[in-house]
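Values in this text are rule-based calculations from the coordinates and carry no lab data. Bear in mind the structure is a predicted one, so any value in this text is a computation, not a measurement. Every residue, glycine among them, receives a Cβ derived from its backbone with ideal geometry; neighbour counts consider all protein chains shown.
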Amino acid sequence: MTEVPFSSLCRRFAGQTGWVVGRGPTGFRYEELAGASGPVFFINDAVSLEKWLPAAHASFFFAHDRSMGDWLQSPSLRSLPVLITDQPIVGPEGDSRPGLLSGADDPVLAKVARAIFYRGCGPLDRASLLDRGREEIRDSRQLYLANGTIQPLLHFAWYLGCSHLNLIGCDGLPGVGYDGRLENRSRSSQHNAIFIRRRQEILLRRLALPRTYLGTPAHRIRMIMEARADPANHDRLRGWSQVLLRQFRTAGCEALEASDRLATGRGFWINGTWPALEPCIDCLASPAHLALIAAADALVEGGVDVGLNSAFQALP
């Protein structure tokens, strides 16, 4: 196997539009990828769509989980794998599935002709990675990673110099699974879609990288949120709940309902319907909302029994 130097890709596609292809439901016609004019980045099983690209078209394959190893064993794989070497455990909370690689010498790479390797940890503080210049990222070989495979991919696209991204199947619609046209060779399932979308929006804003979502299906978003706390913090929680209601109402959430069930131990409930995912994500990723979440997290870290739990479901 030939390791393609990470440093050789810095600004390689400066000024070009990148195409990011995920596995979510989409109305996009995949055969139109044949007309993509810039580099194409595939997430996990979406790499099956590389068949629509011209033979010499630049494309990259991002994956984290061991279940994606079959794609690396495929002799027909044309996209260049971009793989993390220092994340041996990945997956949803409580899931101890091994990561895709134990290192650059992992046997799973036996049939791979070429690959690029990166890492999450290194000389640069991980919290500062999105504030670093491309040359610093080049020298450290570090990419930003939070709660999804798409995050280091987006950071990599920026590192390559892409000035705009078209995203397909990356909407983060919750509870709808994957596009039925795609092969699910990994037999994996959707997790935390809306929170991955929130994180990718925050990342794109930090990188000042414009994006366009293509093929987004028509939808609405049903939201159910519960805020709970021990009796000593009920007043604090009621205050937060009023702040949340104002945030949601201002951002365009419809049919908002609130129910104070703290006295019965069932928390403060907020239900509503968003006309689309975009305003929901804008609200969830806003500095005001993130500050409230951070305040709740700080109390939890301090041993206070308080929590904000939410569930979202995409509706036709």
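Less than 5 angstrom separates the built amide H of residue 267 from those of 261, 262, all sequence-distant by 5 or more or on a different chain. Within the chain, no helix built from a complete DSSP H run reaches 27 Å or longer along its own axis (Cα positions) while carrying a mean Kyte-Doolittle hydropathy of 1.6 or higher. Annotation: extensible slack from residue 243 through residue 102 equals 46.2 nm (criterion: 0.36 nm per residue apart, minus Cα-Cα distance). In terms of surrounding Cβ atoms within a 10 Å radius of their Cβ, 241, 188 rank from fewest to most as 188, 241. By other beta-carbon atoms within 10 Å, ranking 243, 112 with the fewest at the front produces 243, 112. A crude spin-label estimate for the pair residue 147 and residue 311, with each label 7 Å from Cα along the Cβ direction, gives 1.7 nm. For the stretch 2-214, dividing the convex hull volume of the Cα atoms by the residue count gives 114 Å³ per residue.
Grab the beta carbon distance between residue 301 and residue 271, set R0 = 35 Å, and tell me the FRET efficiency rounded to 0.05. Efficiency for this residue pair is about 0.80. In this label model, residue 78 and residue 7 are separated by 3.1 nm, measuring between points 7 Å along each Cα→Cβ vector.
When +1 charges are put on Lys and Arg Cβ atoms and -1 charges on Asp and Glu Cβ atoms, the dipole computed for the stretch 220-315 relative to its Cα centre reaches about 240 debye. Computing FRET efficiency as 1/(1 + (r/R0)^6) for residue 114 and residue 183, where r is the C-beta to C-beta distance and R0 is 25 Å, gives about 0.60.
Ordered by the number of other Cβ atoms lying within 10 Å of each residue's own Cβ, fewest first, 264, 149 fall into the sequence 264, 149. Take the Cα of residue 292, step 7 Å toward its Cβ, do the same at residue 220, and the gap between the two points is 2.2 nm. With the cut-off at under 20 Å, measuring from each backbone N in the stretch 189-213 to a point 7 Å along the Cα-to-Cβ line of residue 127 picks out 199-200, 202-207. In percent, rounded to a whole number, the relative contact order of the chain is 20, using alpha-carbon pairs under 8 Å and six or more apart. I'd like the distance between the alpha-carbon centres of the stretch 123-174 and the stretch 190-211, rounded to an integer number of Å. Centre-to-centre distance over Cα atoms comes out at 10 Å. Computed from backbone phi, the HN-Hα couplings of the stretch 110-125 come to 4, 9, 8, 7, 9, 7, 10, 10, 9, 9, x, 9, x, x, 8, 4 Hz, rounded to whole numbers (Karplus: 6.51 cos²θ - 1.76 cosθ + 1.60, θ = phi - 60°; Gly and Pro given as x).
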